Each structure stands twice: as C-alpha cells, then as structure tokens.
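The values are calculated or read from the model by the stated rules, or taken from the named source; none is laboratory data. On a predicted model such as this, the values are computed, not experimentally measured, just so you know. Here the Cβ positions follow ideal geometry from the backbone for every residue, glycine too, while neighbour counts run over all protein chains shown.
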Amino acid sequence: MGLPLLFAMVLHEYAHGWAANRCGDPTAKLQGRLTMNPLAHIDPFGTVILPLLCLMIPGGFFLGWAKPVPIDPRNMGQPRRDMALVAAAGPAMNLVLAVGSALLFTLLLSIDPTIGSYWSKSEEISPPDTWHQMFLQPIAVMSVYSVLINVLLMLFNLLPLPPLDGGRILTSLLPDTAAMALRRVEPYGMFILMGLIILDPQIHVIHTITSTLTHSLSNSILSTAIGLGAGNTP
C-alpha cells in the first residue's frame with residue numbers, strides 16, 4: 001500500500017506544479033518541484049509519520065499528503081480561472097492514476113486469471129506457486145490498492161474547504177464577496193477538517209467519503225475496466 005500511496009501523493013503535487021507552469025507561473029519549476037522525484041515532494045509528517053500512524057490505528061482513517069508545491073497567482077494571466085485549473089489538476093491526476101491502475105489490473109488478469117483468487121472469500125486460497133504468479137500477483141494487489149487510494153485522495157481533496165483543492169476551486173468560481181469570505185476560512189481549514197474527523201461518528205461526513213463513495217467509485221472503475229478487457233478478449 002505504501003508505494004501506491006507515495007506515487008499518488010507525489011504525482012498529485014506534480015500535477016499542480018505542471019498546471020501552474022502551463023498557466024504562466026514557473027515558481028514550482030524554479031524551486032525544483034516540477035519533478036517526479038519523490039524526495040522533492042516528501043513532507044516528513046504528512047508523507048511518512050501520519051500514514052504510519054494511520055496504519056497502526058485499527059479502523060482509523062488513512063490520510064496523508066505531500067509537500068504542497070509553491071504557487072504564485074500573480075504570475076498568471078487570469079488568476080481566478082488559472083487557480084481553479086491548478087487546483088483541479090491534482091484530483092484529475094488521481095482520477096487518471098485510478099483509471100490507469102484499473103487498466104493495469106485488467107491487463108494482468110488477462111495474462112493470468114488466477115491472480116483474481118487473491119480477493120476470493122474462500123478461506124482455502126493457495127499461495128502463488130509459480131514464478132509467474134509470484135511476480136504478477138504483488139503488482140495486481142498494488143494496482144487495486146492504487147485505484148482505492150487515488151479515488152480516496154481525489155474525493156477527499158475535492159471537499160469544498162480551503163486549503164483543500166475543492167475549496168480553492170470553489171473560491172475561484174464564487175462571486176468576489178463570497179470568495180473573499182471563503183478565503184478567510186483557509187487559515188482555519190485544517191482545524192475544521194480535524195473537527196470533522198473527530199465528530200465523524202455522529203455526522204458521518206468523512207466516513208461517507210472514505211468508505212461509501214470511495215468503494216462505490218473504485219468498484220465502478222475496476223468493473224468497467226474489467227468489462228472492457230473481457231469485451232476485447234477473443
């Protein structure tokens with residue numbers, strides 16, 4: 001799970017920097033952040049410590065983030081529109097990665113259909129007994145986790161709460177007065193988010209995203225990809 005999560009977070013931030021550069025802001029590029037090298041994007045707490053803590057807590061939330069890329073809207077031709085595009089680039093990258101991971105799983109399934117037995121509910125699942133299965137099955141497992149992780153990150157970041165991407169997209173779309181009011185929330189956004197997590201047993205906002213919506217959309221992406229693969233099989 002760790003490798004798909006790392007790639008999902010790193011490429012999410014890379015997409016923000018790439019979109020900003022295309023919109024006229026080279027800040028991320030000039031600071032060496034327009035790279036796919038994970039070391040340039042690692043945030044010690046959000047990329048390492050928090051995911052490990054989440055794994056250690058049974059039934060807890062699985063959250064994490066990479067170091068945000070620096071962006072200067074003053075370099076953009078149309079700051080409001082361009083900031084919406086830059087904010088949307090991260091979740092869009094996660095969607096692309098989720099679809100790509102589902103297609104990879106479908107390809108592996110077409111090469112060796114037995115790898116699908118890993119998710120069988122039967123208790124009598126034999127371990128991989130050929131080098132073929134031993135090589136393909138771990139990749140297949142990571143590809144499925146990649147779908148789940150990328151869908152989760154996409155939905156979570158689309159919450160309409162600054163400084164999350166959804167909040168910045170909404171800020172760019174709202175009229176000036178409403179946008180200014182939403183910007184004032186940004187310094188307190190992470191505290192509001194933590195409050196939502198703490199109160200989630202009562203309000204079920206985060207659970208709906210991390211469980212219901214994530215699994216529903218992930219299953220839809222996987223089943224569609226598998227269906228396409230089956231339809232192309234002679």
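Would you please list the contacts, defined by Cβ atoms under 8 Å and residues six or more apart or on different chains, that run from a residue in the stretch 208-234 that is over 14 Å from residue 154 (Cβ atoms) to a residue that is modelled with pLDDT of 90 or more and aromatic (Phe, Trp, Tyr)?
The qualifying pairs are 222/105; 225/105; 226/105.
Here is a list of conditions, (1) modelled with pLDDT of 80 or more; (2) of a type outside the set (S, T, N, Q); (3) over 26 Å from residue 226 (Cα atoms), and residue 107 meets all of them except one; can you say which number that is?
(3)
Considering 190, 154, which residue is surrounded by 14 or more Cβ atoms within 10 Å (Cβ to Cβ), within 23 Å of the chain's Cα centre (by Cα) and either of a type in the set (D, E, K, R) or under 21 Å from residue 9 (Cβ atoms) (or both)?
Working: 190 fails: surrounded by 14 or more Cβ atoms within 10 Å (Cβ to Cβ).
Answer to the selection: 154.
Could you tell me which numbered condition residue 184 fails, if it satisfies all but one of (1) farther than 20 Å from residue 4 by Cα; (2) of a type outside the set (Asp, Glu); (3) surrounded by 19 or more Cβ atoms within 10 Å (Cβ to Cβ)?
Exception for residue 184: condition (3).
List every residue pair whose Cβ atoms lie under 8 Å apart, where the two residues are 6 or more positions apart in sequence or sit on different chains, the first residue falls within the stretch 26-38 and is at pLDDT 90 or above, and the second residue, located anywhere, is outside any loop (DSSP other than H, G, I, E, B) and polar (S, T, N, Q).
26/75; 27/75; 28/21; 29/21; 34/21
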